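Reading through the C-alpha cells given below for one structure.
Just so it is clear, none of the values below were taken in a lab; they were calculated from the coordinates. As the structure is a prediction and not an experimental result, all values here were calculated from the model. Neighbour counts are summed over all protein chains in view; Cβ atoms, including those assigned to glycine, are modelled from backbone coordinates with ideal geometry.
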Amino acid sequence: MTTATIQTGLKKADRSEVSEALTKVLADSFAVYLKTHGYHWNVRGPAFFTLHNLLEQQYTEIWGALDDIAERIRALGILAPQGYATFGNLTAIKDGDPEQEAEAMLKELMRDHETLIATTRDTLSLADDAGDEATADLMTQRLAAHEKFAWMLRSTLGAR
C-alpha cells in the first residue's frame, strides 16, 4: 500500500474536522434524497402530477450533489462513508412514511431540508475557520439549493 502525504495547505487536524462534518452532510443529504424519492413514488391526491414532478426535480438535484460531497471528503484524505447502516448512524433525518397524506409529506421534507441547512451551515463555518475555500464553496452551493427546496415546499404548502 502506498502512503502519500496530502499537501493541500490545510492542517491535518482541520482536514479531519471538516471531513467529519462533511460525512454528516453526506449522510443527511442521502437520507433526504431517499425520502424525497420515496415520496415522489408514493404521493397521492389532486395535486399528484405537480408534486410528483416537484419531488423529482429535488431528488435529481440532490443525487448529483452526493457525488460532489463524497469526492470532497476523499480530496481531504478521508474515506467517504458508505452503506445504509453507516448513513443511518450519522444522520438525524428519519425515514418517511408512505402512508402519509401529501401535505404531511411536504411538511416533513421541508423540516428535513431545514435540518440539512443547519448541518450545512455548521460545516461551512468549520471550513471557513480552517481556510478551506473549496469546501466552503461547495457548502455555499448546497446551502443555496436546500434553502430553495425548503422555500418551494413552504410555498407549495401555502406558507410564506
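Some observations on this one:
- Pairwise Cα distances in the stretch 44-90 exceed 11 Å for 73 percent of all pairs.
- Lysines whose Cα lies under 25 Å from that of LYS12, excluding same-chain neighbours fewer than 8 positions away: LYS24
- Label separation (SER125 vs THR140): 1.9 nm, computed from points 7 Å beyond Cα along the C-beta direction.
- Taking the C-alpha atoms only, the angle from helix 102-130 to the longest principal axis of the chain is near 20 degrees.
- Taking all pairs of distinct alpha-carbon atoms in the stretch 27-67, Kirkwood radius in angstrom: 10.2 Å
- Both radii come from the Cα set of the stretch 87-160: Rg as radius of gyration, Rh as Kirkwood radius; their ratio Rg/Rh reads 1.06.
- Based on alpha carbons, the Rg and Dmax found for the chain are 16.9, 58 Å.
- Shown is the FRET efficiency for TRP63 and ALA13, computed with R0 = 45 Å from the Cβ-Cβ distance and rounded to the nearest 0.05: 0.90.
- When the chain is treated as a GNM with alpha-carbon contacts under 10 Å, the residue of GLY88, GLY64, GLY96 showing the greatest mean-square fluctuation is GLY64.
- Hydrodynamic analysis of the stretch 80-129 uses the Kirkwood radius over alpha carbon pairs. Inserted into Stokes-Einstein at 37 °C and 0.692 mPa s, it gives a translational diffusion coefficient of 257 µm²/s.
- Loop sites in the stretch 68-126: GluC sites (Glu not before Pro), DSSP, at most 16 other Cβ within 10 Å: GLU99, GLU101
- Dividing the summed helix terms, -39500 (n - 2.57) for each DSSP H run of n ≥ 4, by the number of residues in the chain produces a 222 nm estimate of -26000 deg cm²/dmol to the nearest 500.
- Centroid-to-centroid separation of the stretch 45-64 and the stretch 100-135 [C-alpha atoms, Å]: 19 Å
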